[in-house]
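The values are calculated or read from the model by the stated rules, or taken from the named source; none is laboratory data. Since the structure is predicted, the reported quantities are computational estimates derived from the model, not experimental observations. Every residue, glycine as well, gets a Cβ built from its backbone with ideal geometry; the counts of neighbours run over all protein chains shown. Remember, those area values only see protein heavy atoms, side chains included, never the ligands or the DNA or RNA. Shrake-Rupley method; radii C 1.70, N 1.55, O 1.52, S 1.80 Å.
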Amino acid sequence: MSICLELENAQVGYTNGFTVSGISFGAKFGTITGIIGPNGSGKSTLFKGICADLPLQQGAILLDNKHLEKLSLLEKAQKMAVVTQFTDKYAISVEEYVMLGRTPYRKPFQMFETATDRHIVEHYMKLTDVFRLRHKQMLQLSGGEQQLASIARALAQEPQLLLLDEPTAHLDISHQVQILDLVQHLSNKLNIAVLLIIHDLNLASEYCDFLVMMNEGCVFVKGSPEEVLNYKNIETVYKTLVVVEPNPLSKKPAVFLVSEKMKRQIDK
Ligand code: ADP
Ligand code: MG
């Protein structure tokens, strides 16, 4: 499997402010890479560097073997798509919203979408199960449906790299699983590299092929879920007592929290 996105000792950040530095990892086509780490550890900052919303201060970020800063805005939009945490609340229909994903493919002075654009939009609305909602307003959708529409819009860009910043935040467990099953299916079927910021360590363990654990603006540890999600790493980074046992079905590490009351009972 070849590498889609490669970071080599990358440093990005806000001018005179927070930076993430020394970031090195690769995201392969057809796999899901999870970025985990406590609040404020720099996950979203790193994402902004990868989207080129923040400038690269040091090192290199390569997308499909090309330096990110050498790609035009249009090339970037054709190669990567971003699904952000808070879905944009547009007063437009789902179909119109998903069609926005085709914008990078418009020819100069082209006012309307082509038959190909319409075909692609329909295809991804069906794949994400929002085709039935296509005439509804985005504002009328539930959080889970908005997230699906947002993924459909990103896919309509036909990217090689899909970036998702906490796509399952604020969703109930059935919608969390629905979104992540879909993302997993898409990465396999379309051979897309997925980079996912995810808070839930158990979902990260279950769905990600590779994990990057951030702490205080640096990569604390990276590797398979088994390599990253042990109690020592989690306790060091999250400053929280946990028990890690294999999930009975998948055998992936599952993380259990320990209450203060239970801690006192153990200490006795
Ligand atoms: P995470 O996504 O891991 O929770 P962030 O990357 O959002 O963390 O934030 C890391 C740090 O960057 C925080 O200390 C935050 O205050 C700071 N930060 C976030 N946004 C900005 C900004 N627009 N300007 C300056 N600093 C920021
Ligand atoms: Mg964040």
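Every residue, every condition in (1) within 16 Å of ligand 2 (Cβ to nearest atom); (2) in contact with a Pro (Cβ under 6 Å, 6 or more places away or on another chain); (3) part of a strand (DSSP E or B), yes or no:
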| residue | (1), (2), (3) |
| --- | --- |
| 7 | no, no, yes |
| 17 | yes, no, no |
| 30 | no, no, no |
| 47 | yes, no, no |
| 74 | no, yes, no |
| 90 | no, no, no |
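Pairs under 6 Å by beta carbon, first residue open to solvent by 50 Å² or more (accessible area, probe 1.4 Å) in the range 68-84, partner not in a helix (DSSP H, G or I), six or more apart or different chains? These pairs meet every condition: 84/165.
Within the range 178-199, the set of residues being open to solvent by less than 60 Å² (accessible area, probe 1.4 Å) and closer than 17 Å to residue 225 by Cβ comprises 180, 183, 187, 194, 195, 196, 197, 198. Identify, please: which residue in the range 19-28 is within 16 Å of ligand 2 (Cβ to nearest atom) and closer than 22 Å to residue 164 by Cβ and is, among those, surrounded by the fewest Cβ atoms within 10 Å (Cβ to Cβ)? Applying the filter and picking the extreme gives 23. Within the range 138-177, the set of residues being closer than 22 Å to residue 63 by Cα and either among the charged types (D, E, K, R) or surrounded by fewer than 15 Cβ atoms within 10 Å (Cβ to Cβ) (or both) comprises 153, 158, 165, 166.
The number of residues in the range 36-64 that are open to solvent by 70 Å² or more (accessible area, probe 1.4 Å), in contact (Cβ under 8 Å) with a residue 24 or more places away in the chain and either closer than 15 Å to residue 4 by Cα or within 15 Å of ligand 1 (Cβ to nearest atom) (or both) comes to 3. Scanning the range 158-196 for residues that are of a type in the set (Gly, Ala, Ser) and within 16 Å of ligand 2 (Cβ to nearest atom) turns up just one, 169. Considering 64, 53, which residue is of a type in the set (Asp, Glu) and within 14 Å of ligand 2 (Cβ to nearest atom)? Residue meeting the stated conditions: 53.
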